[in-house]
Amino acid sequence: MRRSRKQQHQSPSSNHTDTRSNAASVQDGQGEASLSRELEPSITAIQQLMGNSADLKIRRFHISEAHVLGAVLYVDGLIDKQILTTHIIEPLLDKQELSIDQGIDALLHEAQYNALTASHTSTVTSIKDAIIALLSGQAFIMFDGCSQGVLADTRGGKEREVTEPATQTVLRGPRDSFTESICTNTALIRRKIKDANLWSRAWVIGDVTKTNVILMHMNGIADNQLLDEVSRRLDHIQIDGILESGYIEELIEGRTFTPFPTIQNTDRPDAAAAALLEGRMVILIDGTPFVLIVPALFVQFFQASEDYYQRWDISTLIRLLRFLAFTIAMLGPSVYIAVTTFHHELIPTPLLISLAAQREGVPVPAFIEALIMETMFEVLREAGVRMGRAIGTSISIVGTLVIGQAAVEAGLVTAGMVIVVSATAIANFVAPSFNMGISTRILRFALMGLAASFGLYGITLGIILITLHLCNLRSFGIPFMSALAPYQGQDQQDVFLRLPRWLMLKRPQSIPNRNHVREDKQTLSEHVKGQGDST
Amino acid sequence: MNRLTRCFLCLIIAALLLTGCWNRRELNEIAIALGVGIDKNDEGYKISVQVVNPGAVAPQQNASANTAPVITYTLSGATIFEAMRRITTISPRKIYLSHIRIIVVGEEAAREGLHTFVDLLSRDHELRTDFYLLVSRDMTAEKILKVITLLERIPVNKMYASLLSSSAAWASTQKVTLDQLIQDISSKGKSSVLPGINIVGNPKIGATQENVQRLDLHALLQLEDMAVFKDGKLTAWMNEAESKVFNFITGNVKSTVNNIPCKEGNLALEVLTNKSKLTADVRHGRPEGKVKMELDVNIGEIQCEIDVTQEADIRRIESEAEDMLEREIASLLEKAQQQFRSDIFGFGMALHRSSPEYWRRVKADWHQEHFPAMKTAVEVKVSVRGIGSITNPLSIPD
């Protein structure tokens, strides 16, 4: 199966990846061995290599006309039993034509091409290949006296349905989301982009887990150099296992020591398709509904799928709101600390008196107060995420009562601080992508420290440092702040604003691509003409 | 990474060196002063500072609601700065001056001159320049700052709010901020004017909680009259009517009410807009000042029998109002020239603009000699814009 999949892809690099991972997977010399001509020793060899695992099932049979013994091996749970019975076992037992007259190899050939009605079949000679195939859900058929075996695709078993996206929800827009199965995921993308130019390359990464990884790109749009760079980084991964896209993300990102994410992830097929159309690449990993989008730029984390589904005016306003929320989430508590402990003259008099009244009797400085509240909130949030849904709500009730009311009434914290912390927390949730929200959470604490020691001056220093750092970041060689710094006039169509569809004629220039034109002049003139007609 | 580390270190070092006048103080470590009173005594100056007692003015805490919303600390010192610092001996917290809204100058201190304490007020970095100055009439500033008020529980806020509302709706007062005062003091061509404040009623009971325990308060703070300064020293007071005329001349009237006689009764005009232009020229070697004014008014109240539907009658009202204002303006100008001998209107500044040569020669003794001798002309134009919701007075059947 693996070999056959490789035939579908054009990657020259996958060859050596396979060899490497195969070589590493073999723990003893026996794995290299070919199948024996006799049935039972082969079965025993496979059983031994798999440690006599209980879920390796063997179904022996006898073809009476030909007087040949055979066996079907499969791993329970990875296969669809219905397929196994109707497309493999039944045909083998029913087929009258199977005869030993032409020799055992002819019988095998006959079985593979005429008898088995499974959707995909192939032959193997090495035990190692057979085991890998078994573990990816194929059935392995052997005949006594033949040193080859037949693999038949019977993959099945339990898989999660395509459900609504859990993280990036929209009011208007497609409601499907990726699942844990990579085949479903590629199909979901292909259903959006029915074009022969949607190309993919496959890797098997993880010496032990042998996880399928697929890199998709639009041929003719995506930049070749960028494609080579991403492929190169994927080639170089050496790890025992990949359980989630986060593994790949950490292994291929350019800069680890930064609070900002330089790779985007999504569980929305439409977001992945949109990225492909902009010349980005999508990395799908088997076993997780989160796919990676590379390269990722700063502004991208403020764009939600829905921006493109709603009308442009509200999309633009909401996008501006997100940038505002980002600022609040990052600076809220620090500005409050700075202003109330250093710059009292900045606060309007009535507000100052009211804040001063709240602070009467509060035993700790504003900074410590903010730190306690922020930490408490992070603890609550973490508790809410880790606990199940049912307990999660009770945590939030306790949290609201403890943090909000009781703490203020007990005079431990000021009401003003509670308002600031909760406003910050809510602003934090506005971020369309969770990982940009994490950056603001981390930086918020750093800025609070600066504010407590240097006031607004410290905040200014912090902002300068953050800006310098952002401008210094790169995602796969592309400046992270692209479209803003370096400035791309053309791209302003989709940074702070979201222009009407027919004005966004070109693909973003920040991401190198081979075909700039998204919508050609022809279409535009027709569009304008069409408008003229209707008026 | 290495470069970033170095860059970061440089910034941290720079941050440590560059910190200017920063000072970390929690909100419950400062005493927020809202008003300051300055009086003269034998020792030098007597300073009264009104600071907020936040616990008592907070909306939700009822526990300390029966304590006073503010505390007024009073101490003396040779300089104001000294007295201000000495207040820490009686106040648990350091006085924080950035939020001052009103400074009350005692009449006696004002007569000795504003220069000395304006210096401190403008030199201290903590003070902003956007607070208003008042002069307490016939009493010390200390007494003014010790009256307990109602409605606005913080007395300084009461003064502040009265000043804003009276200058907006009645125009007998003028808001003067510190920077305006400094500008006036440092320029030779204009003298300063500050609004006055007084206690109506009994100051003694006014300083106790008893003051606010009945409907007819024992003591009230009233903004009245305006103090006229000459060379930074208080010389005379203008009464309410004169203060209003003064504001007309300087174009400070936002809205007010002016009465004109009308047969057996009065007719009240509500002034809507007031455009005033003050010019000065040199003619035949002598300065000549001119006040040109345009007013838009509404008829607010009619006590006599007059037909306001007739254009002729409206014209009559207009010319009556013009005459009256011209008379009042002329008499205030004369009073300023002859009695105050102080150019509170700023004719000197206008002259400086129109003929700088001449100004250079006369500026030394402008207030004393040339301003009193200046010829003045007044031109007022009044236009009635509206007559209100009804037409004729009820006594006239339609």
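Bear in mind these aren't lab numbers, they're just calculated from the coordinates by the rules spelled out. Small disclaimer: the values here were computed from a predicted structure and weren't measured. Neighbour counts are summed over all protein chains in view; Cβ atoms, including those assigned to glycine, are modelled from backbone coordinates with ideal geometry.
Points to keep in mind about this one:
- Trypsin sites (Lys or Arg not before Pro) within segment B:156-237, DSSP loop, no more than 10 other Cβ atoms inside 10 Å: B:R214
- In segment B:211-323, lysine pairs with alpha-carbon atoms under 12 angstrom apart (chain gap of 8 or more, or interchain): 5
- Remark: spin-label model distance B:N66-B:D42 equals 4.0 nm, labels positioned 7 Å along the Cα→Cβ axis.
- Each part gets one Cα centre, and for segment B:152-174 versus segment A:28-83 those centres are 98 Å apart.
- Under the span-like rule (Cα at least 20 Å along the axis, Kyte-Doolittle mean at least 0.5), DSSP H helices of chain B: B:2-18
- A:T256 versus B:K277: modelled label distance in nm, points set 7 Å from Cα along the beta carbon direction: 7.7 nm
- Shielding by partners, peptide A:455-468 (average Cβ within 10 angstrom, other chains): 2
- Couplings for segment A:504-509, taken from phi via the Karplus curve 6.51 cos²θ - 1.76 cosθ + 1.60 with θ = phi - 60°, read 8, 6, 10, 6, x, 7 Hz in order; Gly and Pro are left as x.
- According to the Kirkwood relation over distinct C-alpha pairs, the hydrodynamic radius of segment A:312-479 is 17.4 Å.
- Degrees, to the nearest 10: A:389-399 long Cα axis against longest axis of chain A: 20 degrees
- Rounded FRET efficiency, nearest 0.05, which uses the C-beta distance separating B:E320 from B:D119 and R0 of 41 Å: 0.25
- Check: the protein assembly as shown dipole with +1 on Lys, Arg Cβ and -1 on Asp, Glu Cβ, in debye: 1700 debye
- Report summary: the helix-based calculation at 222 nm, which adds -39500 (n - 2.57) for every DSSP H run with n ≥ 4 and divides by the residues of chain A, gives -13500 deg cm²/dmol.
- Cβ-to-Cβ counts within 10 Å put B:I314, A:I88 in ascending order as B:I314, A:I88, the fewest first.
- Estimated from the Cβ-Cβ distance and a Förster radius of 22 angstrom, the FRET efficiency linking A:M376 and A:F434 is about 0.60.
- Ranking of A:F496, A:F140 by count of other Cβ atoms within 10 Å, fewest first: A:F496, A:F140
- For chain A, the C-alpha radius of gyration sits at 1.25 times the compact-globule guess of 2.2 N^0.38 Å, with N the residue count.
- Degrees, to the nearest 10: A:13-25 long Cα axis against longest axis of chain A: 80 degrees
- Note on B:K381: aspartates and glutamates with a C-alpha under 18 Å away, same-chain residues under 8 apart excluded, are B:E270, B:E294, B:D296, B:E311, B:D313, B:E318, B:E320, B:E322, B:D323, B:E326, B:E328.
- Inter-site label distance for A:V398 and A:R232 at 7 Å from Cα along Cβ, in nm: 5.3 nm
- Restriction of the trypsin sites (Lys or Arg not before Pro) in segment B:243-276 to DSSP coil positions whose beta-carbon has at most 16 other beta-carbons within 10 angstrom yields B:K254, B:K263.
- Close amide-amide hydrogen proximity is noted between B:F345 and B:S191, each under 5 Å apart and 5 or more residues distant or on a separate chain (H modeled in the peptide plane; Pro and chain starts excluded).
- Cα long-axis angle, helix A:366-386 against chain A (0 to 90 degrees, to the nearest 10): 20 degrees
- Computed E for B:S187/B:I387 - FRET, C-beta separation, R0 30 angstrom, nearest 0.05: 0.10
- Projected area averaged over orientations for chain B, convex hull of C-alpha atoms, nm²: 30.2 nm²
- In Hz, Karplus ³J(HN,Hα) per residue of segment B:92-109 (6.51, -1.76, 1.60; θ = phi - 60°; x = Gly, Pro): x, 10, 6, 6, 10, 9, 5, 9, 4, 10, 9, 10, 9, 9, x, 4, 5, 4
- The protection proxy used here, the mean number of other Cβ atoms lying within 10 Å of each residue, ranks peptides B:92-103, B:121-132 as follows, highest first: B:92-103, B:121-132.
- In summary, the lysines within cross-link reach of A:K158, defined as a Cα separation below 29 angstrom excluding same-chain residues under 8 places away, comprise A:K6, A:K57, A:K81, A:K128, A:K192, A:K194, A:K210.
- Each DSSP beta bridge with both residues in the protein assembly as shown is either parallel or antiparallel, and the antiparallel ones are about 80%.
- Value of Rg/Rh across the protein assembly as shown [Cα atoms, Kirkwood radius]: 1.20
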